[in-house]
Amino acid sequence: MSIGVATGLVTNAVGRRVPGMVNGRQQVPYEGVDGHRPTGRKAGPLIRSNSDYPTNGDKRVPDLEAALRLCGLRDGMTISNHHHLRNGDLVALTALQTAARMGVKDLVWFPSASFPCQEPVIELMKSGAVHHIEGSMNGPLGDYCAHGHMRGMGVLRSHGGRWQAVQDGEVHIDIAVIAAPAADCFGNADGSHGKSACGSLGFALADSIYADRVIVVTDNLVPFPCIPWQIQGNNVDYVVEVDSIGDPSKIVSGTTQITRSPDRLRISHLVARFLRDSGIMHEGFSFQAGAGGIALAFVDYLAHMMKAANVKASFVRGGSTKYLVDLLNEGLIGYILDGQTFDLDAVRSIARDPRHVATSPFTSYNFHGKGNFASMVDAAVLGATEVDVNFNANVVTHSDGRLLHGIGGWQNCLFAGCSILALPSFRDRIPVIVDEVTTITGPGELIDVIATERGIAINPLRQDLLDAVKGKGLPIRSIEEIKTEVEKICGGKPAKPRLLDNPVAVVKWVDGTVLDTVWQVVDDNPYAPKVSGGE
Amino acid sequence: MPVAVETSGLRRGEAGRAGGDVRSDLHVSIEERASGGIEIDLHSRVDIYYGGSIRQQVRDVLQALGIEHAYVDIVDEGALPFVIAARVEAAVRRAGLADGKSALPEAVELPPPSAKDRLRRSRLYLPGNEPKYFINAGLHAPDAIILDLEDSVHFAEKNAARLLVRNALRAVDFGAAERMVRINQLPLGLMDLEEIIPQAPDLILIPKVETPEQVSDIVGAVDAIAKRNGLNRPIWLMPILESALGIENAFHIAQASDRVAAITLGLEDYTADLGVAKTAAGAESLYARMRVANTAHAAHVQAIDSVYGDVADSDGLLRWGEASRAMGFQGMGCIHPIQIEIIHRAFAPTTAELEKALLIVGAYEEAQAQGLGVVSLGAKMIDAPVVQRALKLVARAKQMGLTSGGES
């Protein structure tokens with residue numbers, strides 16, 4: 001069937017046309033930030049009996065194929081993986097290729113994110129083994145989807161949204177294949193030890209709890225008990241030992257580097273000054289920052305300002321790097337609540353420092369719970385590909401409509417006390433502030449500040465922030481003013497890409513409703529920059 | 001692509017850079033055609049957004065240059081319109097097709113003329129053939145930017161860089177920064193002046209000056225071009241002394257014209273001239289720097305120090321800048337925007353210095369008002385030179401905006 005024709009489109013609360021059905025499942029269109037209130041009970045895993053598991057706790061089987069067979073692999077199943085091994089991961093692709101060799105068809109791949117190393121999944125989609133991907137796509141996988149080649153529709157979710165979808169029963173995982181840098185024969189697994197150490201395994205937690213069957217794959221089998229057990233063996237069916245679960249050089253970077261780009265440094269400095277001068281940087285505050293160049297430089301500037309003002313942060317959330325670890329060691333921050341561990345220093349830190357804590361999307365991000373950590377954070381510094389004059393922002397598609405990034409924790413972090421998008425005002429002549437973003441990934445009412453090298457725009461809804469920084473010497477400007485200036489520099493407004501009226505993917509809001517649609521791309525610009533990597 | 005046979009005998013030219021990690025630039029090649037109008041092959045990272053606009057601009061530029069028939073191949077890495085115009089014009093000129101015509105981009109509003117004694121603590125070097133650094137240079141708030149046509153531009157690229165710098169002076173908003181250009185030595189520098197003087201730069205840096213006549217030559221050329229273009233605003237000069245002879249002639253050079261606003265020195269060439277190594281501590285150039293500082297004050301022009309080359313060493317830069325201020329320099333060059341703030345800090349008086357100077361100036365003004373010849377602070381009499389120093393320091397602090405609250 002042609003997915004575009006067969007699905008009726010409805011207009012949601014942000015005025016975007018979204019499909020009413022996605023991959024055969026009825027959808028709820030976005031109803032506003034707090035509009036959708038779910039009822040009922042969470043999905044429940046199957047009841048199992050000890051009688052079916054070895055009493056000596058040894059769940060090892062010879063190889064992945066044996067494990068998949070024992071899990072009852074068959075056509076149409078949903079297979080999940082986590083992405084903590086990033087672009088060094090070998091397990092996800094091996095699992096799908098093994099399943100394909102076993103002759104199954106129409107699998108749904110449900111990774112927490114995909115990476116360029118998983119490009120060969122395209123072959124599996126062409127051969128029919130994989131039906132479609134529900135998870136972030138970029139690079140060649142993103143292009144395959146954006147050009148309408150995938151048989152099903154892509155479903156893009158935030159990290160919190162992925163937990164929500166699993167817990168609410170919107171996605172049922174048949175078999176979870178979890179790559180573990182350390183595991184024992186019972187299936188207890190940990191990410192912070194071993195030659196393929198990646199730090200936290202938080203993205204695999206939901207899969208381990210809710211999947212019908214769980215396979216742990218490790219290249220570092222340790223004697224029982226594997227401590228700490230980020231994944232509990234009591235949820236695990238089989239353990240497979242392999243030579244290597246991934247390429248360590250691509251799992252974590254040796255050193256994460258602060259940007260040397262003058263413009264990016266300026267943006268980082270402005271964001272740090274904004275936090276200081278608005279009073280957000282106060283004793284006991286908290287913040288979230290990722291591992292991108294701007295975010296790292298921001299942390300460095302902020303640390304200097306915290307020292308100068310003798311202010312300490314109670315905790316920091318998000319991806320961890322050497323820079324955060326240094327702050328932890330210097331006593332400038334109380335805890336790192338780690339969602340992803342990006343470099344070797346951070347991996348070492350999470351393995352030995354009890355104040356460096358591995359968290360999961362359940363604690364940090366899940367919107368259908370009794371609160372989460374992301375909304376308790378005072379300020380979150382994030383990126384975006386585009387933002388419009390109403391502060392709506394896009395993080396998943398390039399301005400030409402191609403899939404560029406996964407949502408990651410981005411949507412979830414918008415609930416912070418102050419959400420800041422730090423971005424250059426134009427890239428390669430393409431203005432970042434536009435009349436209407438290509439794909440709405442975050443509603444403007446949750447986006448408080450846009451920091452560019454040409455000035456800082458504060459959402460008029462945040463009069464408190466406007467008042468707080470008044471007279472502080474910061475370049476506060478209206479978003480329209482920055483937009484006009486950049487359009488003048490770039491030689492006018494950019495033309496819009498031609499997109500077909502055929503949905504190829506949907507963007508979910510944190511509550512599982514459909515926020516926007518990714519449309520099929522028509523034009524292929526052979527000279528367009530390649531897009532690569534990232535959640 | 002047309003085959004070689006068809007194009008033999010027809011003139012062709014190319015300019016600009018593309019591919020690899022090049023950003024915000026483009027490569028243009030143009031081939032003359034006998035008929036058939038303009039044909040454009042465009043490969044651009046931003047084709048979807050600006051492809052139509054780029055094609056139109058190229059046609060407009062070619063029309064302004066009087067080209068009616070040509071094949072143009074463009075590989076564009078997201079260049080801004082002023083860069084596209086410069087590269088197309090450079091390719092046309094290199095093909096020998098421009099026929100003396102120019103294609104100037106749309107101009108931004110010309111900033112007010114700069115004062116001879118304005119603050120020149122930091123001057124940010126922008127390599128003249130690297131357009132990606134131009135557009136945001138002013139945002140980093142240096143006291144000046146220098147569009148460099150000399151050492152940072154390969155000899156083969158001088159003519160292309162000249163057009164790029166001309167277009168940048170015209171089309172780029174450098175904010176409050178003074179717009180400086182470092183030209184090449186004469187006679188090449190004369191060609192630089194022909195292109196850039198009509199765009200009203202605020203100051204010309206003259207490289208490798210050894211005699212006052214070199215300055216007079218520039219003054220003559222600048223005046224002639226300015227007059228021809230009806231330009232009536234000051235264009236200051238900053239000779240760069242880069243040899244032992246230049247240093248020895250420093251005073252005469254500084255006095256060669258009242259257009260000289262400052263003198264500075266280039267230590268790479270100076271140490272090469274002496275045949276000594278250039279060290280981080282800089283003992284080998286101490287004499288030259290002291291000589292320049294002293295000479296500048298004798299000639300009533302500003303003394304501007306060289307650059308600090310290690311961008312990663314911000315502590316070293318701060319120490320160098322503080323020592324430089326202590327020697328009597330009023331500013332220095334920067335090769336990366338992250339040096340600007342550090343340099344401004346280095347050249348600012350300390351809070352204690354400023355407070356003391358303000359007290360002395362207050363006492364001086366009180367004495368003046370009372371018609372007293374002697375200035376005293378409490379029980380202490382203040383010597384005239386101390387008063388003079390305090391007056392200078394307060395005047396500079398005012399220029400830096402330090403007397404009514406500081407910047408962060």
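Can you tell me which of A:R60, A:R48, A:R37 is surrounded by 15 or more Cβ atoms within 10 Å (Cβ to Cβ) and either at negative phi or not assigned by TED's automatic domain parsing to the domain that holds A:V214 (or both)?
Just one listed residue meets the conditions, A:R60.
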Check your understanding: Hey, among A:E485, A:E481, which residue is of a type in the set (D, E, K, R), more than 27 Å from the chain's Cα centre (by Cα), surrounded by fewer than 16 Cβ atoms within 10 Å (Cβ to Cβ) and modelled with pLDDT of 95 or more?
Key -> A:E481
Practice item. Scan the stretch B:45-72 residue by residue and report those that are more than 7 Å from chain A (Cβ to nearest Cβ), under 26 Å from B:D21 (Cβ atoms) and over 31 Å from the mean Cα position of the chain (by Cα). Key: B:G51, B:R55, B:V72
Study note, to complete from the structure: Exactly one of A:A303, A:A272, A:A289, A:A295 is buried (at least 19 other Cβ atoms within 10 Å of the Cβ), under 19 Å from A:P424 (Cβ atoms) and over 21 Å from the mean Cα position of the chain (by Cα), and that one is A:A272
Review point. Residues A:A272, A:A303: which one is within 14 Å of chain B (Cβ to nearest Cβ) and part of a helix (DSSP H, G or I)?
Key: A:A272
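Taking the conditions exactly as written (out of contact with any Gly (no Cβ under 6 Å at 6 or more places or on another chain), surrounded by fewer than 23 Cβ atoms within 10 Å (Cβ to Cβ), within 14 Å of chain B (Cβ to nearest Cβ) and part of a loop (DSSP other than H, G, I, E, B)), does A:K496 satisfy them or not? Full working, then the answer.
Working: out of contact with any Gly (no Cβ under 6 Å at 6 or more places or on another chain): yes; surrounded by fewer than 23 Cβ atoms within 10 Å (Cβ to Cβ): yes; within 14 Å of chain B (Cβ to nearest Cβ): yes; part of a loop (DSSP other than H, G, I, E, B): yes.
Criteria met by A:K496.
In the stretch A:146-159, is there at least one residue being in a helix (DSSP H, G or I), touching a strand residue (DSSP E or B) at 6+ places or on another chain (Cβ under 8 Å) and within 23 Å of A:V121 (Cα to Cα)? Steps first, please.
Step one: of the stretch A:146-159, the residues in a helix (DSSP H, G or I) are A:146, A:159.
With touching a strand residue (DSSP E or B) at 6+ places or on another chain (Cβ under 8 Å) added as a condition, the list becomes A:146, A:159.
Still in the list and also within 23 Å of A:V121 (Cα to Cα): A:146, A:159.
Taking every residue of the stretch A:146-159 in turn, at least one turns out to be in a helix (DSSP H, G or I), touching a strand residue (DSSP E or B) at 6+ places or on another chain (Cβ under 8 Å) and within 23 Å of A:V121 (Cα to Cα).
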Review point. Is there a residue being closer than 27 Å to A:G401 by Cα, part of a helix (DSSP H, G or I) and in contact with a Pro (Cβ under 8 Å, 6 or more places away or on another chain) anywhere in the stretch A:128-140?
Key: yes
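Given the condition in contact with a helix residue (DSSP H, G or I) (Cβ under 6 Å, 6 or more places away or on another chain) and within 14 Å of chain B (Cβ to nearest Cβ), answer yes or no: does some residue in the stretch A:466-473 qualify?
Yes - at least one qualifying residue is present in the stretch A:466-473.
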**Study point:** Enumeration of residues in the stretch A:114-168 that are in contact (Cβ under 8 Å) with a residue 60 or more places away in the chain and on the phi > 0 side of the Ramachandran plot
**Key:** A:G135, A:G139, A:G148
Check your understanding: Does at least one position in the stretch B:106-128 carry a residue that is in a helix (DSSP H, G or I), more than 14 Å from the chain's Cα centre (by Cα) and either surrounded by 22 or more Cβ atoms within 10 Å (Cβ to Cβ) or within 14 Å of chain A (Cβ to nearest Cβ) (or both)?
Key -> no
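Condition first: of a type outside the set (G, A, S), under 17 Å from B:K356 (Cβ atoms) and loosely packed, with under 15 Cβ neighbours inside 10 Å. Now tell me which residues in the stretch B:367-390 satisfy that. If you could, list the steps in order and put the result at the bottom.
Quick first cut of the stretch B:367-390, residues of a type outside the set (G, A, S) only: B:368, B:370, B:372, B:374-375, B:377, B:380-383, B:385-389.
With under 17 Å from B:K356 (Cβ atoms) added as a condition, the list becomes B:375, B:377, B:380-383, B:385-389.
Matches in the stretch B:367-390: B:K380, B:M381, B:D383, B:P385, B:Q388, B:R389.
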Point to revise | Cβ pairs under 7 Å, 6+ apart, first in the stretch B:319-347 and in the same structural domain as B:D148 (by TED's automatic domain parsing), second crowded, with 24+ Cβ neighbours inside 10 Å and among the β-branched types (V, I, T) | key: B:G321/B:I343; B:F329/B:I304; B:Q330/B:I304; B:G331/B:I304; B:M332/B:I304; B:M332/B:I343; B:C334/B:I343
Exercise for review: Report yes if some residue within the stretch A:195-210 is farther than 19 Å from A:G88 by Cβ, in contact with an Asp or Glu (Cβ under 9 Å, 6 or more places away or on another chain) and in a loop (DSSP other than H, G, I, E, B); otherwise report no.
Suggested key: no
Practice item. Scan the stretch A:433-450 for residues that are within 13 Å of chain B (Cβ to nearest Cβ) and crowded, with 23+ Cβ neighbours inside 10 Å and jot them down. Key: A:T438
Revision key, fill the gap. Checked the stretch A:370-389 for anything within 18 Å of A:A206 (Cα to Cα) and touching a residue at least 12 places away in the same chain (Cβ under 8 Å); matches are A:N372, A:F373, A:A374
Check your understanding: Within the stretch A:18-30, restricting attention to residues that are of a type outside the set (F, W, Y) and surrounded by 15 or more Cβ atoms within 10 Å (Cβ to Cβ), which residue is farthest from A:P503 (Cα to Cα)?
Key -> A:V28
Study note, to complete from the structure: Scanning the stretch B:73-92 for residues that are of a type in the set (D, E, K, R) and surrounded by 21 or more Cβ atoms within 10 Å (Cβ to Cβ), the one farthest from the other protein chains (Cβ to nearest Cβ) turns out to be B:E89
**Study point:** Residue check, A:L423 within 13 Å of the chain's Cα centre (by Cα) and either away from chain B (no Cβ under 14 Å) or closer than 24 Å to B:A79 by Cβ (or both)
**Key:** no
Check your understanding: Can A:G284 be described as crowded, with 22+ Cβ neighbours inside 10 Å and not acidic (D, E)?
Key -> no
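Would you pick out the residues in the stretch A:22-35 that are under 16 Å from A:R157 (Cα atoms) and not β-branched (V, I, T)?
Kept after step one, since they are under 16 Å from A:R157 (Cα atoms), are these residues of the stretch A:22-35: A:22-23, A:25, A:27-30, A:33.
Once the filter is applied, which keeps residues that are under 16 Å from A:R157 (Cα atoms) and not β-branched (V, I, T), the stretch A:22-35 yields A:N23, A:R25, A:Q27, A:P29, A:Y30.
Are any of the residues in the stretch B:221-231 basic (K, R), under 19 Å from the mean Cα position of the chain (by Cα) and modelled with pLDDT of 95 or more?
Restricting attention to the stretch B:221-231, the residues satisfying the condition of being basic (K, R) are B:227-228.
In the following step, the residues that additionally are under 19 Å from the mean Cα position of the chain (by Cα) were identified as none.
The answer is no, given that none of the residues of the stretch B:221-231 is basic (K, R), under 19 Å from the mean Cα position of the chain (by Cα) and modelled with pLDDT of 95 or more.
Considering only the stretch A:183-211, state which residues are under 20 Å from A:R48 (Cβ atoms) and more than 24 Å from the chain's Cα centre (by Cα).
Restricting attention to the stretch A:183-211, the residues satisfying the condition of being under 20 Å from A:R48 (Cβ atoms) are A:183-189, A:204-211.
If the condition is that a residue be under 20 Å from A:R48 (Cβ atoms) and more than 24 Å from the chain's Cα centre (by Cα), then A:A183, A:D184, A:C185, A:F186, A:G187, A:N188 are the ones that fit.
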Check your understanding: If you scan the stretch B:32-69, which residues turn out to be closer than 16 Å to B:E89 by Cα and aliphatic (A, V, I, L, M)?
Key -> B:I38, B:I40, B:I54, B:V58, B:V61, B:L62, B:A64, B:L65, B:I67
Study note, to complete from the structure: Within the stretch A:29-69, the count of residues that are farther than 30 Å from A:T11 by Cβ and either at pLDDT below 95 or of a type in the set (A, V, I, L, M) (or both) comes to 9
**Study point:** Qualifying position, being over 30 Å from A:P424 (Cβ atoms), crowded, with 23+ Cβ neighbours inside 10 Å and assigned by TED's automatic domain parsing to the domain that holds A:L70, among A:V242, A:V222, A:V217
**Key:** A:V217
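The values are calculated or read from the model by the stated rules, or taken from the named source; none is laboratory data. Since the structure is predicted, the reported quantities are computational estimates derived from the model, not experimental observations. No Cβ is skipped: glycine too gets one built from the backbone with ideal geometry, and neighbour counts run over all protein chains shown.
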